[in-house]
Amino acid sequence: MLHKIINTIGTRGISALLTFLITVIISQALGAAGKGEQAILLTTIAFVLIFSDIVSGKTLVYLTPIHAFSALFLPSYLWSLLVGMFAWGILLFLPLEIDRNLLVHVSILAVIASWNGVNIAILMGKEKIKTVNWISLLHPLMMCIVLGVFYVLLRSKTLYPYIFALYVAYIVCWALGLLALRKELRTFSFFQSIQYKPAIKSLFHYGFLNQATYFVSFLNLRLSYYLLEAYFDFQKVGIFSNAIVLTEAIWLISGSVAVVQYARIANTNDGPYAQNITLRLAKACGILSLGALVILSLLPSSVYVLIFRFEDFSALPQIIRLLAPGVLFFSICLIFGHYFSGIGKYHRTLLCASVGLLFTLALSFILIPRMDVYGAAITTSISFMASTITAVIIFFRTSKIPVSKIWITKQDIKEFYADLQGYIKKLRK
């Protein structure tokens, strides 16, 4: 398991660097306003994916060991297509500031991204973590190559090269996902409609709970984008979105661990093992995330202005420091949340996210109009902290593990060290 975690952290670390490079390229080419428009576009695609992933999302990880591949694959792909078509019509009537000509691309990209997500989720359910890591790494790599050509070499100043880069990255990753599932696809068969019923019922049941959680989490983090655009302009969105990109990079630690943890827990019936490994991983992620956040928070504003080439980004250090407490807490929440998902208790993750949403709704409409990006950062941080505290309380109450076990002990450090030593020895063999 440690080998898979370290492999995942490594590939996701490279992916985070490439994502940061994408942010730099777009910010330098289009400025804060252009970066804000790009953030709104990508957020809108993510919004459509919330509904696609009711059937086509990460619940497939949990259901892959339970249902036949053919019973999951076809319903997931068809649902993604239907949602994408329906979304195009709905988006045309929403009061979005995005160019109406771009909305068809939003819908098509959402369908391809969802199909790619289906492939990834099924591979994760089969614990093919290394394959998932390589496909996930390829996405930002393809984006960087395409954006580098258009924005750096050709000096383009529009958003269309970014849309083209999304098409290239999603299509290539989707095709590779199908290639990785070629063994399953060779045995694919169409069932009678009645035979799909158990799988579809499970997909909607668990998917609805999981996506309700994701929808609430989406509002906790991305509602600020739309409010900043509504109360101010794309420039404020661009500044805040860059702060989010930088701080979200911290989550590559917990996110990488959670990928392996989720797949492992979904494939085991050993409750005490799942609980103990979750607690150990939460402690490890908290320590590592704290160290990374300290370094990020200490960087001066001159560094960010130098990187992004616009004085508008000089406010990033203050925003990051306001986000830091919430980001640290949420890095731990990710581990507990994936434990709940791994044992099929999606309603618990929904409860945790909903508590955070209460704070988001209570504070966003007060702080953002008065404090713009700083108000958005404070709101986000408090929301994350509230969600994490709720997750910790639920975990200890349901697991019957003493609350005192939450504190990091010398024994924990010895075990972390022993695990690393074992991994290093294994590499040397």
Kindly indicate whether residue 204 is among the aromatic types (Phe, Trp, Tyr), surrounded by fewer than 18 Cβ atoms within 10 Å (Cβ to Cβ), assigned to a helix (DSSP H, G or I) and touching a residue at least 40 places away in the same chain (Cβ under 8 Å).
-> yes
For residue 128, the lone unmet condition from (1) open to solvent by less than 40 Å² (accessible area, probe 1.4 Å); (2) without any contact (Cβ under 8 Å) to a residue 60 or more places away in the chain; (3) more than 30 Å from residue 39 (Cα to Cα); (4) of a type outside the set (A, V, I, L, M, F, W, C) is (1)
Scanning the range 207-218 residue by residue, those at pLDDT 80 or above and buried (at least 21 other Cβ atoms within 10 Å of the Cβ) turn out to be 216, 217
Checked 21, 60 against criteria (surrounded by fewer than 19 Cβ atoms within 10 Å (Cβ to Cβ) and under 23 Å from the mean Cα position of the chain (by Cα)); the one match is 21
Conditions (1) under 30 Å from residue 307 (Cβ atoms); (2) β-branched (Val, Ile, Thr); (3) open to solvent by 20 Å² or more (accessible area, probe 1.4 Å) -> residue 90 fails only (1)
Would it be correct to say that residue 175 is of a type in the set (Gly, Ala, Ser), without any contact (Cβ under 8 Å) to a residue 40 or more places away in the chain and part of a helix (DSSP H, G or I)?
yes
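Quick one: how many residues across the range 142-177 are among the hydroxyl-bearing types (Ser, Thr, Tyr) and open to solvent by 60 Å² or more (accessible area, probe 1.4 Å)?
Counting residues in the range 142-177 that are among the hydroxyl-bearing types (Ser, Thr, Tyr) and open to solvent by 60 Å² or more (accessible area, probe 1.4 Å) gives 2.
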Within the range 65-78, residues being at pLDDT below 80, closer than 16 Å to residue 204 by Cβ and either open to solvent by less than 20 Å² (accessible area, probe 1.4 Å) or in a helix (DSSP H, G or I) (or both) number 1
Considering the range 178-201, residues that are under 25 Å from the mean Cα position of the chain (by Cα) and open to solvent by 20 Å² or more (accessible area, probe 1.4 Å), and then whichever is modelled with the lowest pLDDT, we arrive at 200
Subset of the range 364-383, residues open to solvent by less than 10 Å² (accessible area, probe 1.4 Å) and touching a Phe, Trp or Tyr at 6+ places or on another chain (Cβ under 8 Å), comes to 368, 373, 376, 377, 379, 383
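The values are calculated or read from the model by the stated rules, or taken from the named source; none is laboratory data. Keep in mind the model is a prediction, meaning the values are calculated, not measured. Here the Cβ is made from the backbone with ideal geometry for all residues, glycine too, and neighbour counts use every protein chain on show. Surface accessibility is based on the protein's heavy atoms, side chains included, excluding ligands, DNA and RNA. Shrake-Rupley method; radii C 1.70, N 1.55, O 1.52, S 1.80 Å.
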